[in-house]
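Taking it in order: structure first as structure tokens, then the write-up.
The values are calculated or read from the model by the stated rules, or taken from the named source; none is laboratory data. Remember, it's a predicted structure, so these values are computed and weren't measured experimentally. Reconstructed Cβ throughout: ideal geometry from the backbone, glycine too, with neighbour counts over all protein chains shown. These accessible areas exclude ligands, DNA and RNA; they are computed on the full protein's heavy atoms, side chains included. Shrake-Rupley method; radii C 1.70, N 1.55, O 1.52, S 1.80 Å.
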Amino acid sequence: AGVAVVAAHVASACASASDLCAEPLGSAAALQEHVAKISAVSSSCTPSCCTSWPSCSSSNTSCQRRFASTAFGIRRQNQASIEHTLFVVGLNEAKFFGQDGAEEGLKLLERVVEHHQEYDLLFGISEKALATMEADHPVGQNRKLTPSRELEQIQNGEMIPMMQASMVDKCKRRAVDRPVKTTQSHVAHLLWKFPRETIKLGWAYRRRKDHKDAARHKFWSQHFPLCSTAYFDERAEIISIRTVEHIVARRSQEWKGAIILVVGNEVFSLVNKQLSLMLADEGRQLSSPAFMETLRSEAVHLCADVIDFTPVLIFVYCGIPLITLHFTYLAVEYYVKQLEYTKELLKGEDRD
């Protein structure tokens, strides 16, 4: 069964969930209730400084984790009611059904759509990747989503159903990650600076497919604590900064709606951590020009072009050893032949 079947039955699957409260959210308890109702279908208990759902007891270990998702209530300065709600959704790679799959994301999106006239959908991928997804997987006149079996081998395929749903709803979409080339150059720069980690790269590369999603971040950060920050931590920070900038831009337009950020579970916890810091005090610091200028300066630094040492690394750590091995083999072969020639020459002299 494809994701089109999921989309067709989302409404009936969510019918048993409680409706959202229509009154303005004026307290933390109201936000907790608001979030718990939206997440009646899919939820998580990921510990963070923000409001997570469903409502949990004081011990996070007593909650059963079902879906990587978090909500942030955002207010204006000196304002009691919540102006915007930011939902952060984590998806597993190439997973469409079950926990942390596209199906759960569609259910959450359906609940949000029922109670918000508009929403913006942000993706934790590069602009080029989003443009490719939109060009290769448009929604036709039948308004049906692409079946999951056709998306299993496609990069970021787990995000395509939610992207297509936003096309049907005619809502704004935006990519908030930096270009892959920039991430590659930053990682290569650190690998060049820390050769002690670089020499382990061949061993780890052979095991790269054994670790996916959240386990991928754990594996690479454990064995490459310095170099992995360029791929995981820096990406999470730029995703969070651009999300906050999007919120501020929408606020200046007097726009009322929900914002949904979709990221891979390899950076979900890091994005939550960054957003918890940036949206501390329920986002009231977003009204500070100095704070926003700090975020912009950091974004410029994270997206700065640095020298890409990838070709140099390949030459130094792969090319030079292969060249050395090759010439060593040629030298040994030459001296073996010389030794055989000398023996033949000596035998000839003995016969004479």
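When restricted to residues that are touching a helix residue (DSSP H, G or I) at 6+ places or on another chain (Cβ under 9 Å), modelled with pLDDT of 85 or more and more than 11 Å from Asp169 (Cβ to Cβ), segment 101-119 contains 8. Within segment 85-125, restricting attention to residues that are in a strand (DSSP E or B) and hydrophobic (A, V, I, L, M, F, W, C), the residue that is farthest from Met162 (Cα to Cα) is Leu86.
Annotation note: of Gln155, Gln141, the sole residue that is under 23 Å from Val271 (Cβ atoms), open to solvent by 30 Å² or more (accessible area, probe 1.4 Å) and free of Cβ contacts under 8 Å to residues at least 40 places away in the same chain is Gln155. Gly90: small (Gly, Ala, Ser) and surrounded by fewer than 18 Cβ atoms within 10 Å (Cβ to Cβ), yes or no? Here the answer is no, as Gly90 does not meet what is asked.
When Asp120 is tested against the conditions (1) more than 28 Å from Glu234 (Cβ to Cβ); (2) touching a Gly at 6+ places or on another chain (Cβ under 9 Å); (3) not aliphatic (A, V, I, L, M), the lone failure is (1). Screening Ala249, Ala299, Ala236 for residues that are more than 20 Å from Lys181 (Cβ to Cβ) and among the small types (Gly, Ala, Ser) leaves exactly one candidate, Ala249. So how many residues does segment 126-180 have that are under 18 Å from Leu106 (Cβ atoms), part of a loop (DSSP other than H, G, I, E, B), at pLDDT 85 or above and among the charged types (D, E, K, R)? Matching residues across segment 126-180 total 2.
In segment 203-220, the residues that are farther than 16 Å from Val267 by Cα reach residues that are part of a loop (DSSP other than H, G, I, E, B) with C-beta atoms within less than 9 angstrom, at least six apart or across chains, in these pairs: Ala204/Phe224. Filtering segment 238-273 to residues that are in contact with a helix residue (DSSP H, G or I) (Cβ under 8 Å, 6 or more places away or on another chain), under 23 Å from Ser288 (Cβ atoms) and open to solvent by less than 10 Å² (accessible area, probe 1.4 Å) leaves Ile238, Ile239, Ser240, Ile241, Thr243, Val244, Ile247, Ile259, Leu261, Val271. Within segment 158-180, if we keep just the residues that are of a type in the set (A, V, I, L, M) and open to solvent by less than 10 Å² (accessible area, probe 1.4 Å), the residue that is farthest from Glu245 (Cα to Cα) turns out to be Ile160.
Evaluation of His186 against the conditions (1) more than 20 Å from the chain's Cα centre (by Cα); (2) more than 29 Å from Phe97 (Cα to Cα) shows that the sole unmet condition is (1). Can you spot a residue in segment 255-264 that is of a type in the set (Gly, Ala, Ser) and either free of Cβ contacts under 8 Å to residues at least 40 places away in the same chain or within 30 Å of Tyr317 (Cα to Cα) (or both)? Among the residues of segment 255-264, not one is of a type in the set (Gly, Ala, Ser) and either free of Cβ contacts under 8 Å to residues at least 40 places away in the same chain or within 30 Å of Tyr317 (Cα to Cα) (or both), which makes the answer no.
In segment 315-325, the count of residues that are without any contact (Cβ under 8 Å) to a residue 12 or more places away in the chain and at positive phi is zero.
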